[in-house]
Structures are given as C-alpha cells and as structure tokens.
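Values quoted throughout were computed directly from the atomic coordinates according to the rules given, and no laboratory measurement underlies them. All values reported here derive from a predicted model rather than from experimental measurement. All Cβ positions, glycine included, derive from the backbone under ideal geometry; neighbour counts span all protein chains shown.
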C-alpha cells in the first residue's frame, strides 16, 4: 500500500514538472509572436498613412496647429476678400460700375434743342479697402468714369484710426460728410444722382477726392462729424 502511494506521488510530480517545463518553454515563443504581430500592425499603419492623400495630411496638420490657415479667402456678396487668421489685416476688392446710354429719335432740330444721343460711364470705380494692425482701416478707390467733361480721378484715398471706440479719425482724400444724402453711398442712392441742394452743398467743401481730415462718431442712433477740408486732388 505504501509502495503504491509513493509511486502515485512520483508520477504526479513528474506530470507537474513536465507541464511546468512546457509552460516555461512556451512563454518566450509567445512573446516573440506578440512582438512580430505588433511589428506587422505598425507596418500596416504606416502603409495606410502613405496611401492617404496630401489634402488629408494637410488637414490633420492644420487641426493639430489650432485650426485655421494664415489667410482666409471669401466671396461674400460677390466681393473678393482676404483676411488674416487673427483678423488684424484684411483686403477687400471694391468695384462700382454705372453705365448710361440713350437714343433720341427726333428730326433735325436747332442745336439748342437737339438732344444728344450717346453713352458713357457715369461711374466706373475700382479699388481696395481693409484693415491694418487691427485698429487702422484704409481705402483707395479710383474713378475711371464721368460725363466726359472731366477725366478720371481719385474718389477716395485715406487711412483711418478706429481704436477709440465709437470715435474715428480719418485723414486723406475722400468725400467729407456734409449731410445724410451726402454720406449715402452712390450704389445706394434712390435716384441716379443726389438731390441738387445736397450736390451744391457738398461742392463747397466736400465731394469725392477732396483732401482733409475728419473726426467723427456714430452708432445706431446718431452720426456726428467735424471736418477740415482743402482742395480736390
């Protein structure tokens, strides 16, 4: 009885030793398999990254850097605009074209009452405006149009400081504000031209392209301005 139990114990110990040895031998092999699998996964990730398009990689880089490119371009209301990411600099392209044409079907009349058929550019303005260093704004617009009696001229060329809240300071050549009708843009006039009294008043010390300086303030309820003007440029 004692011999048999000893034999059983020895057999059990032998089986345990074999199992432990197999497990010990299998651990390094499993570690190598895991290492190879990790290397395969890394290679697959690199191949997938190489297959991605350049635009996708660029988008990822921009997202990591905080998002926006250095300059944004827009076409709001048909106007090309360029703006820096921080908003301190911008450039907008401005244009205003008004073309008139007329034909009068009439017989031969004396020169004093003979209407003149023809066409001309009432206004043909092209220029730029924008922001500098956040607190400054600028505008340069050249008018190539006219009735024919006057040539092309500068409509506005000024720089303006906007860092005083509601108060602004402008210097250069521009139509100094004279009245409500005078401050209305030519593109927003109810008729083709301003009322005659407004034109007479603005012709004294205002009108397009007059050099001067203006201190003005406004909000939704009021507009006030003080100007010192000189000659037309």
Added length on full extension, which subtracts the Cα-Cα distance from 0.36 nm per residue, residue 189 to residue 169
4.7 nm
Roughly what percent of Cα-Cα pairs across the stretch 88-232 reach past 17 Å?
69 percent
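Sorted by average packing, counted as other Cβ atoms within 10 angstrom per residue and highest first, what order do 102-108, 208-214 take?
Working: 102-108: 7.9, 208-214: 18.9.
Listed from highest to lowest mean packing, they are 208-214, 102-108.
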Where the centroid of each part is defined by its Cα atoms, how far is the stretch 94-145 from the stretch 161-202 in Å?
17 Å
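Compute the FRET efficiency between residue 181 and residue 144 as 1/(1 + (r/R0)^6), taking r as their Cβ-Cβ distance and R0 = 30 Å, and round to the nearest 0.05.
Numbers: r = 24 Å, r/R0 = 0.81.
Given R0 = 30 Å and the Cβ-Cβ separation, E is 0.80.
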